[in-house]
Amino acid sequence: MVNDEEFLGLRREVRQFLKDALAQGRYVPSPDAWLLGYDEAFSREVAQRGWVGMAWSPEYGGRGASYRARFVVTEELLRAGAPVAAHWIADRQIGPSIFAYGSERLKREFLPRIASGEVQFCLGMSEPESGSDLASVSTRATQVPGGWKINGQKIWSSNAHRASFGYVLARTSQGTSRHDGLTEFVVAMHADGIDVRPIIDLRGEAHFNEIFFDDVFVPDHHVIGAVGNGWDQVIAQLAFERGGPERVLSTYPVLAAALRLEDSISRSELALATSLSKLGPLRQLAWNVAERMDRGESAVVEAATLKYLGTQFEVEVVELVRQAVGSVATSVSGVLYDVWSAGVAASPGFTIRGGTSEILLTILSREVIGSRT
Amino acid sequence: MNDEASLISDVAGQALSPLAREDNDPDGATAMAVWRSLVSDGWLDIGFGQPGRVSLREPLIFAEQIGRLGVSVPFSLASTVRLLDERLAHASGGQEDYYGGDRSTRIGVVFLSDEPKPGLEVDLAWDAYVTQPIYAVSSGRGVWSSDFERIPESRSANLASEPIGRVRLRDVQKVSGEELAVQATTYACVLMSAQLAGLAKSMSHEATVHSVSREQFGRPIYKFQAVGQLVAKIAARTVLCDASVDAVRDRQIAEFQDNASTELYLRSLGAFQLCASHASAAARDAHQVLGAIGTTREHPLHRFSTRAWVWRDSPIAEHNSLQQLWDAASSLSEEDLWNALAPATAP
């Protein structure tokens, strides 16, 4: 069992690495850096320290560490606003999904390369017109000799233009339910038939993409888990996607920058105090999710609760900093402007991506009311 | 909750149950009778071990049960006074029972934002039953002991039908410095947080049950998405309240000994602020789910919502706790603050 001292030692180790990297000008702290801060070299350095895939067993390149240890590392990376997007998706959910469901061959092919920062993944879940309805998958995978041919379209795939591989949820058969007949694939993003087109976000940047699949061949051994079992597998994956500290700390660098100011917080101090009162309990909730994962328990509902509450906090932080420090944040010459404006521009996405707040409330509602009916 | 905690919770629930059936006790006489019985059964001593050492595990379970049942007894006040009595006696090498007398009426403590002065008028919960002198705690300044005189015709009950009155302080004596004030504030904050978290749970329960049993337009109202989501929001609030208390509980057991750390102080103030605001919001949303019936004495929701509206400001005012939280937080570096608010890492 990992004891307190080991966690503290790990925290100190990560902090020192980040402090040194900051001093060397390796990164500028920014909000939402787990999605927007894409730096493959930085991710490889994080990986070299054993902080990517750390919860997997050593035979697959991991450290056999707990999810709580991973939590400690990810919290510190998020706190610093470090550029970790290049490894985040693979480390957070694709690797664990391959670890849980993948064939031995798939595990050996990908997990060590993820853990070393050699490969990067993007997500291919959402589709045009699907909105929040993840099961309305129309991208199809048809069996061919030696593998599958994928045709269709995915959307809202962050960093798909940079990733070496993609996770794709596709329909492989028509079952009695929409949840039947879905299968998960690992797709090489350089494969013939893939066309990645950028979507410009409200800041004028392009981390989102559409991905078009035109007879894209995927070998049999790149199927994750059992053919047709994709729905159950993706639901389990969502706990990883929703239950981490990045659902609380996306805008923490804005708050941290405000807290580091001296004598500038002249108004709405109490509003900032309100915000601080939530930070500890939300970090505690994220920790609780990691504990459940360490015990091998399902954390789907807990993760949904965390994401619902945590993303509200993320949005609130940006607004409270604006109210508290005024023009120091909002004026283009203000010392906080860059970090604050990045936070405010990213904030509409917090309560949408990874499951909208309304969908999460529906999940929670079913859970709460389901126990009474 | 483990087996031991469940047992304590059940026994506490049974001990408090006479009050859960009582809905007309404006002068608090029934509550005080139950409270005296609880004190003689040893409930005031839970959590107190050797002098200088306090475990919050059991007091928090009891406090949460008070909230879950929607009852009023001066437990948090009495326990805080007990803490102050004990620490002052310990510091002076005296007996544990600092002021002696009827322990069930050692419930007089007020939390102020400034130093108390003779003549200062304050609201005193359970005033008719309070043994003089009382403590006045000003978190950044110290602890005072004070006698008081009641102000005639001041209010006799608050919104939750708990006895309360206006009193004027006299013979105000400083008895300890800032450190004990911080300990007392920390302790009272976390007990009140647990009471508020208990209220939130019960309001969530009432809203959920109602949404399933109440039919409108031919179907249970939870099937209307807006209602179902409101029920889910209340449930999510209760989870966060629990997390805020948990974040204190684990550290408290290990560290609430001779000194309350800055970390505990911050977490306790934060937990109180969070529970105060979220229990209030849960009350608002639960009333929305229940509609007109929730606004009546006929339905039990009022037992919880009225207490949420009172306990968020009594004995500690949410506004003052926020100010104290900010004062404490703003004196720390970002790194120290981050460390102080870290999740509990105890296995």
Matching residues in region B:47-71 - criterion: being of a type in the set (A, V, I, L, M) and either touching a strand residue (DSSP E or B) at 6+ places or on another chain (Cβ under 9 Å) or free of Cβ contacts under 8 Å to residues at least 24 places away in the same chain (or both)
B:54
Breaking point among (1) over 24 Å from residue B:328 (Cβ atoms); (2) away from chain B (no Cβ under 14 Å); (3) out of contact with any helix residue (DSSP H, G or I) (no Cβ under 7 Å at 6 or more places or on another chain); (4) free of Cβ contacts under 8 Å to residues at least 40 places away in the same chain, for residue A:337
(3)
Selection within region A:16-43 - under 21 Å from residue A:248 (Cβ atoms) and touching a Gly at 6+ places or on another chain (Cβ under 8 Å):
A:27, A:29, A:30, A:31, A:32, A:33, A:37
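Let's see how each residue does on (1) in contact with a Phe, Trp or Tyr (Cβ under 7 Å, 6 or more places away or on another chain); (2) touching a residue at least 40 places away in the same chain (Cβ under 8 Å):
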{"position": "A:9", "(1), (2)": "no, no"}
{"position": "A:12", "(1), (2)": "no, no"}
{"position": "A:20", "(1), (2)": "no, no"}
{"position": "A:33", "(1), (2)": "no, yes"}
{"position": "A:49", "(1), (2)": "yes, no"}
{"position": "A:57", "(1), (2)": "no, no"}
{"position": "A:70", "(1), (2)": "no, yes"}
{"position": "A:88", "(1), (2)": "yes, yes"}
{"position": "A:101", "(1), (2)": "no, yes"}
Matching residues, region B:270-291, being crowded, with 24+ Cβ neighbours inside 10 Å and either at positive phi or without any contact (Cβ under 8 Å) to a residue 60 or more places away in the chain (or both)
B:273
Restricting attention to region B:193-219, the residues that are in contact with a helix residue (DSSP H, G or I) (Cβ under 6 Å, 6 or more places away or on another chain), more than 21 Å from residue A:360 (Cα to Cα) and not acidic (Asp, Glu) number exactly 10
Residue hits (region A:340-373; away from every other protein chain (no Cβ under 13 Å) and outside any loop (DSSP other than H, G, I, E, B)) are A:340, A:341, A:342, A:343, A:344, A:345, A:346, A:347, A:348, A:349, A:350
For region A:245-329, list the helices (runs of 4 or more DSSP H) that sit wholly inside it and hold at least 1 residues that are among the polar types (S, T, N, Q) and either at the interface with chain B (Cβ under 7 Å from one of its Cβ atoms) or surrounded by 24 or more Cβ atoms within 10 Å (Cβ to Cβ) (or both); which are they?
A:269-294, A:300-325
Report, ordered by the first and then the second residue, all pairs with beta carbons closer than 9 Å, sequence separation of six or more or different chains, a first member in region B:315-340 that is at the interface with chain A (Cβ under 9 Å from one of its Cβ atoms) and under 27 Å from residue B:73 (Cβ atoms), and a second member that is hydroxyl-bearing (Ser, Thr, Tyr) and not in a helix (DSSP H, G or I).
B:319/B:113; B:321/B:139; B:324/B:113; B:324/B:139
Across (1) touching a His at 6+ places or on another chain (Cβ under 9 Å); (2) acidic (Asp, Glu); (3) more than 25 Å from residue A:74 (Cα to Cα), residue A:109 clears everything bar (3)
Residue B:73 being on the phi < 0 side of the Ramachandran plot, part of a helix (DSSP H, G or I) and within 20 Å of the chain's Cα centre (by Cα):
no
Tell me yes or no: at least one residue of region B:211-221 is farther than 21 Å from residue B:315 by Cα, assigned to a helix (DSSP H, G or I) and aromatic (Phe, Trp, Tyr).
no
Is it the case, given these coordinates, that residue A:183 is buried (at least 17 other Cβ atoms within 10 Å of the Cβ) and of a type in the set (Val, Ile, Thr)?
yes
Using the structure shown, decide if residue A:247 is closer than 20 Å to residue A:30 by Cβ and at pLDDT 90 or above.
yes
Counting just the residues of region B:199-230 that are touching a residue at least 24 places away in the same chain (Cβ under 8 Å) and within 8 Å of another protein chain (Cβ to nearest Cβ), which one comes out surrounded by the fewest Cβ atoms within 10 Å (Cβ to Cβ)?
B:208
(1) within 13 Å of another protein chain (Cβ to nearest Cβ); (2) crowded, with 23+ Cβ neighbours inside 10 Å; (3) not charged (D, E, K, R): which one isn't true of residue A:61, the others all being true?
(1)
Condition check: at pLDDT 95 or above and within 20 Å of the chain's Cα centre (by Cα). Does residue B:67 satisfy that?
yes
Looking at region B:16-26, which of its residues are closer than 16 Å to residue B:41 by Cα and within 18 Å of the chain's Cα centre (by Cα)?
B:16
Kindly indicate whether any position in region A:141-154 is touching a residue at least 60 places away in the same chain (Cβ under 8 Å) and part of a loop (DSSP other than H, G, I, E, B).
yes
Tell me, which residue of region A:111-131 that is touching a strand residue (DSSP E or B) at 6+ places or on another chain (Cβ under 7 Å) and not in a loop (DSSP other than H, G, I, E, B) is surrounded by the fewest Cβ atoms within 10 Å (Cβ to Cβ)?
A:123
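The values are calculated or read from the model by the stated rules, or taken from the named source; none is laboratory data. Small disclaimer: the values here were computed from a predicted structure and weren't measured. Backbone-built Cβ (ideal geometry, glycine too); neighbour counts: all protein chains shown.
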